[in-house]
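Undergrad: Below is a structure I'd like to ask you about.
Computed from the coordinates by the stated procedures, all read-outs in this text should not be read as laboratory data. Computed from a predicted structure; not experimentally measured. Here the Cβ is made from the backbone with ideal geometry for all residues, glycine too, and neighbour counts use every protein chain on show.
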Amino acid sequence: MKLHELKPAKGATHKVKRIGRGDGSGHGGTATKGTKGAQARTGYKSKMGHEGGQMPIQRRIPKRGFKNPNRIEYKVLNLGQIEQLAAKYGFTEFSLENLYINGLIGQTDRIKLLGNGEIKGKYTFKVNAASEKAKAAIEAAGGTVEIVK
């Protein structure tokens with residue numbers, strides 16, 4: 001086999017569709033745009049979301065509720081999860097840095113402690129928010145909670 005004998009595989013190449021180059025090209029006359037009308041003309045642009053006179057989807061679907069721009073989203077950490085995480089990752093301190101380094105939260109995530117479950121070990125927490133029940137349970141087990149902004 002030589003370089004000048006190389007050919008692409010059968011069906012790998014396609015003939016280029018040359019539009020508006022006369023009748024001999026097979027695409028002459030109307031240049032594959034049909035006959036007359038705005039869509040055959042240059043500069044045609046349809047409106048975004050236009051459905052040909054049918055009621056557009058953004059008007060068919062009703063509006064419901066609203067998004068609060070001041071809402072603060074928290075990743076939740078329940079007391080029941082803490083023992084498992086401490087055993088798996090060897091945590092004694094639950095800080096945003098520790099959780100981020102171990103891939104448990106994103107860089108901009110906020111953490112809130114909730115009091116669902118039980119805690120046995122003595123851990124320190126540096127989180128963005130904590131419920132009163134969670135704080136009381138951690139302090140009863142000998143741990144500390146520090147709120148970080």
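Undergrad: Considering the Cα positions of the range 75-147, please state its Rg to one decimal place and its Dmax as a whole number of Å.
TA: Rg and Dmax of the range 75-147, Cα atoms, are 10.9, 31 Å.
Undergrad: Where does the chain land at 222 nm, in deg cm²/dmol rounded to the nearest 500, when only DSSP H runs of n ≥ 4 count, each adding -39500 (n - 2.57), divided by all residues?
TA: -5000 deg cm²/dmol
Undergrad: Multiplying the sequence separation of Lys2 and Lys149 by 0.36 nm and subtracting their Cα-Cα distance, what value in nm do you get?
TA: Once the chain is fully extended between Lys2 and Lys149, it gains 46.0 nm.
Undergrad: Order of Ile111, Ile19 from fewest to most other C-beta atoms within 10 Å?
TA: Going from least to most buried by this count: Ile19, Ile111.
Undergrad: Please report, in whole Å, how far the alpha carbons of the chain spread along each principal axis, starting with the longest.
TA: Rounded to whole Å, the extents work out to 89, 61, 24 Å.
Undergrad: In addition: Amide H to amide H, which residues 5 or more places from Arg110 or on other chains are under 5 Å from it, using H placed in the peptide plane?
TA: Sorted by chain and number, the residues that satisfy this are Lys75.
Undergrad: Sticking with this one: Mind checking the full-extension length gain between Asn102 and Thr124? Use 0.36 nm per residue of separation minus the Cα-Cα distance, one decimal, nm.
TA: Numbers: separation 22, 0.36 × 22 = 7.92 nm, distance 1.70 nm.
Extra length available between Asn102 and Thr124 comes to 6.2 nm.
Undergrad: I'd like the orientation of helix 79-89 relative to the chain: the angle between its Cα long axis and the longest Cα principal axis, in ° from 0 to 90, rounded to 10.
TA: Here the helix axis deviates by roughly 80 degrees.
Undergrad: Suppose a student asked you for the relative contact order of the chain, using Cα pairs under 8 Å spaced at least 6 residues apart; what percent would you report?
TA: 15 percent
Undergrad: Put a dot 7 Å past each Cα toward the Cβ at Ser25 and Ala9; how far apart are the dots in nm?
TA: Placing both labels 7 Å along Cα→Cβ, they lie 3.1 nm apart.
Undergrad: Pop the C-beta distance of Ser131 and Gln54 into the FRET formula with R0 = 35 Å and round what comes out to the nearest 0.05.
TA: 0.10
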